[in-house]
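Structure, as structure tokens:
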Amino acid sequence: MDQQTKKRIAVIPGDGIGQEVIPQALNVIRATGAAVEFTEFDWGADRYLRDGTTLPPDGFAMLARDYDAILAGAFGDPRVKTNIHAKEILLGMRFQMDLYANVRPVRLLDASLCPLKGVEPKDVDFVVIRENTEGVYGDLGGVFKKGTPDEIATQEDINTRKGVERIIRYAFEYCARHTKQDGSPRRSVLMCDKSNAMTHAGGLWQRVFKEVSTEFPQITTQHLYVDALCMQMVRDPRQFDVVVTNNMFGDIITDLAAGLQGGLGMAASVNIHPGRTSMFEPVHGSAPPIAGKDIANPFGAILTAAMMLAHLGMTRESEKIEAAVLEAVRQKKGTQDIGGTLGTREAGEWVAERAGK
Ligand code: NAD
Ligand code: IPM
Ligand code: MN
């Protein structure tokens, strides 16, 4: 394969189980014969504890310039109490590279994975579009009179017209352009907020949602407060199609939604700014208690790799990976959290072998 035509992937395994699941994802990609080349970066807690650096000053510019995609593991380590490295690397990529749309598909591969009774794969097939650059994640605010009985802590919730509008439009466009797994069109966008209590930010989201929806008359609109959405997601996931929400609600509801898919070990995601280098990562974190034990489920990372290949135009390779994971789930060739008996490495190898056929 000509070097020129290979897609360049920056790989940042990060911390904890990120260092176990990402190598499996890379092996599976290699097994498909996809025309990619990997460059690994050791950014994470170990490096930070070793030399105090998180990433080089030109890190984000380098990623955007030199790579077609980024594949990241997870960031977070109990030895780094401030979590500064995760903030600088993970949130750094999202904010500094302006990857404003966090797309988190929620798909049930097999009925056996869902904790709900009588729910089948066709019943859980929605996508959460999470605003990824604003909200409370900007970490604006401060502490006054720290350590005294009069201490005050403020945490600002930033919602810009530009930020709200572009994520809502992204959700409608996503709905218009994507089908469900069974090939039927996506039809509805649901906005989730807390505008009954947070009236200023909520009001902006409500107004913009209404305005942007008029550009997409064929798409049905729905609204739920985030508390009610949590209840509905567990009672009847069939009603969801495309869900758009702010940064923090999106974080929370996608862990809940991961529960519908078989747990955090099954959930994939991508951080996107259309036209720029995107960053792919499983939804789960570094899971310190299970790190280094070869028991973490690599399928979330492997499905994330499949999303990345599809995004890079390698549909055939992506479909091979998805089919192999589906088969592994059906045959219980996975880790304990999804009812299997294999270790991280064995589960990854099983999928790689299958995806390579
Ligand atoms: P977590 O996702 O690491 O773990 C939550 C639960 O899910 C744990 O019980 C864990 O054992 C389980 N789990 C997660 N991934 C799994 C997998 N692949 N296979 C099997 N079980 C899995 O969340 P947490 O415990 O709240 O956070 C741990 C650290 O990870 C913290 O430092 C947190 O800030 C960080 N974190 C990072 C990311 C990221 O980098 N994208 C995401 C979430 C949390
Ligand atoms: C996620 C994580 C991050 C987030 C943390 C590690 C800051 O939970 O990617 O879902 O809240 O976005
Ligand atoms: Mn999260």
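In sequence order, what are the phi-derived ³J(HN,Hα) couplings for the range 340-353 according to the Karplus relation 6.51 cos²θ - 1.76 cosθ + 1.60 with θ = phi - 60°, rounded to whole Hz, with x for glycine and proline?
x, 10, 8, x, 3, 5, 4, 5, x, 5, 4, 5, 4, 4
For a quick check of understanding: with a 1.4 angstrom probe and all protein chains in place, what accessible area in square angstrom does Thr220 have, to the nearest ten?
80 Å²
How big is the antiparallel share of DSSP beta bridges in the chain, given as a percent to the nearest 5? Intermediate values should be presented prior to the final figure.
Numbers: 20 of 47 bridges.
Around 45 percent antiparallel, to the nearest 5.
What does the net charge come to around Phe216 if you take all other residues with beta carbon closer than 10 Å to its beta carbon, with K and R at +1 and D and E at -1?
Numbers: positive: Arg169; negative: Glu173, Glu215.
In short, -1.
If each Cα of the range 89-239 is one equal point scatterer, what is log10 of I(q)/I(0) from the Debye formula at q = 0.10, 0.16, 0.18 Å⁻¹?
-0.45, -1.01, -1.19
Each residue of the range 253-265 in order: what ³J(HN,Hα) in whole Hz does its phi give by Karplus 6.51 cos²θ - 1.76 cosθ + 1.60, θ = phi - 60°, with x for Gly and Pro?
Taking θ as phi minus 60°, the curve returns 6, 7, 6, 4, 5, 4, x, 5, 8, x, x, 5, x Hz for the range 253-265.
Is there a quick way to get the dipole size of the chain? I mean about its Cα centre, with the Cβ of Lys and Arg at +1 and of Asp and Glu at -1; what is the value in debye to the nearest 20?
It works out to roughly 560 debye.
When the accessible area of the chain is split by element with a 1.4 Å probe, what percent falls to carbon and sulfur?
Answer for the chain is 51 percent, counting heavy atoms of protein chains only.
Quick one: plug the Kirkwood hydrodynamic radius of the range 61-146 (C-alpha pairs) into Stokes-Einstein at 10 °C, 1.306 mPa s, and report D in µm²/s. Intermediate values should be presented prior to the final figure.
Values: Rh = 16.4 Å.
Estimated diffusion coefficient is 97 µm²/s.
Run the 1.4 Å probe and let me know the accessible area of Ile84, rounded to the nearest 10 Å².
50 Å²
Order Lys333, Lys162, most accessible first, counting only protein heavy atoms with a 1.4 angstrom probe. Each step should come with its number before you reach the end.
Values: Lys333 70, Lys162 140 Å².
Descending order: Lys162, Lys333.
In the structure shown, do any of Lys180/Lys320; Lys81/Lys146; Lys293/Lys332; Lys7/Lys162; Lys7/Lys320 have a Cα-Cα gap over 24 Å, and if so which? It would help to have the intermediate numbers written out before the result.
Details: Lys180/Lys320 18 Å; Lys81/Lys146 19 Å; Lys293/Lys332 20 Å; Lys7/Lys162 32 Å; Lys7/Lys320 18 Å.
Over 24 Å Cα-Cα: Lys7/Lys162.
Need the C-alpha centroid separation for the range 304-340 versus the range 191-255, integer Å.
Spelled out, the Cα-based centre of one part sits 29 Å from the other.
Would you calculate the separation in nanometres between label points at Arg330 and Gln218, each defined as 7 Å from the Cα along the Cα-to-beta-carbon direction?
3.2 nm
Counting each DSSP H run of 4 or more residues in the chain as -39500 (n - 2.57), what helix-only mean residue ellipticity at 222 nm follows after dividing by all residues, to the nearest 500 deg cm²/dmol? Don't skip to the answer; put the middle values down first.
On the way: 11 runs with 133 residues, N = 357.
Roughly -11500 deg cm²/dmol at 222 nm, from the helical runs in the chain.
Roll a 1.4 Å probe over the protein chains and send me the accessible area per residue for the range 115-260 in Å². Write down the numbers at each step before the final one.
Numbers: 7470 Å² over 146 residues.
That works out to 51 Å² per residue.
Can you tell me the FRET efficiency between Arg50 and Glu151 if r is taken as the Cβ-Cβ distance and R0 is 51 Å, rounded to the nearest 0.05? Please list the in-between numbers first.
On the way: r = 35 Å, r/R0 = 0.68.
Plugging the Cβ-Cβ distance into 1/(1 + (r/R0)^6) gives 0.90.
What are the equivalent ellipsoid semi-axes of the chain, built from the alpha-carbon gyration tensor (square roots of five times its eigenvalues), in whole angstrom, biggest first?
Values: eigenvalues 180, 140, 87 Å².
Computed over the chain, the values are 30, 26, 21 Å.
Take every Cα pair under 8 Å in the range 115-260 that's 6+ residues apart, average their separations, divide by the length, and report that relative contact order as a whole percent. Walk me through the numbers before you get to the answer.
Working: 221 pairs, mean separation 52.5, N = 146.
Averaging sequence separation for qualifying contacts and normalising by length gives 36 percent for the range 115-260.
For His178 and Asn83, calculate 0.36 nm times their separation in residues minus their Cα-Cα distance, and state this gained length in nm to one decimal.
Working: separation 95, 0.36 × 95 = 34.20 nm, distance 3.62 nm.
Going from the current span to full extension adds 30.6 nm.
Need one value: the accessible area of Glu215 in square angstrom, 1.4 angstrom probe, rounded to the nearest 10.
Its heavy atoms expose roughly 100 Å² to the probe.
Largest first, what is the accessible-area ranking of Asp46, Asp110 with a 1.4 Å probe?
On the way: Asp46 70, Asp110 35 Å².
Of Asp46, Asp110, the descending order of accessible area is Asp46, Asp110.
At 1.4 Å probe size, with every protein chain present, just tell me what the per residue accessible area of the range 28-114 comes to in Å².
On the way: 3590 Å² over 87 residues.
The answer is 41 Å² per residue.
The values are calculated or read from the model by the stated rules, or taken from the named source; none is laboratory data. In this text the structure is predicted, and so the values were computed from the model without any measurement. All Cβ positions, glycine included, derive from the backbone under ideal geometry; neighbour counts span all protein chains shown. Heads up: the accessible areas ignore ligands, DNA and RNA and are worked out on the full protein's heavy atoms, side chains in. Shrake-Rupley method; radii C 1.70, N 1.55, O 1.52, S 1.80 Å.
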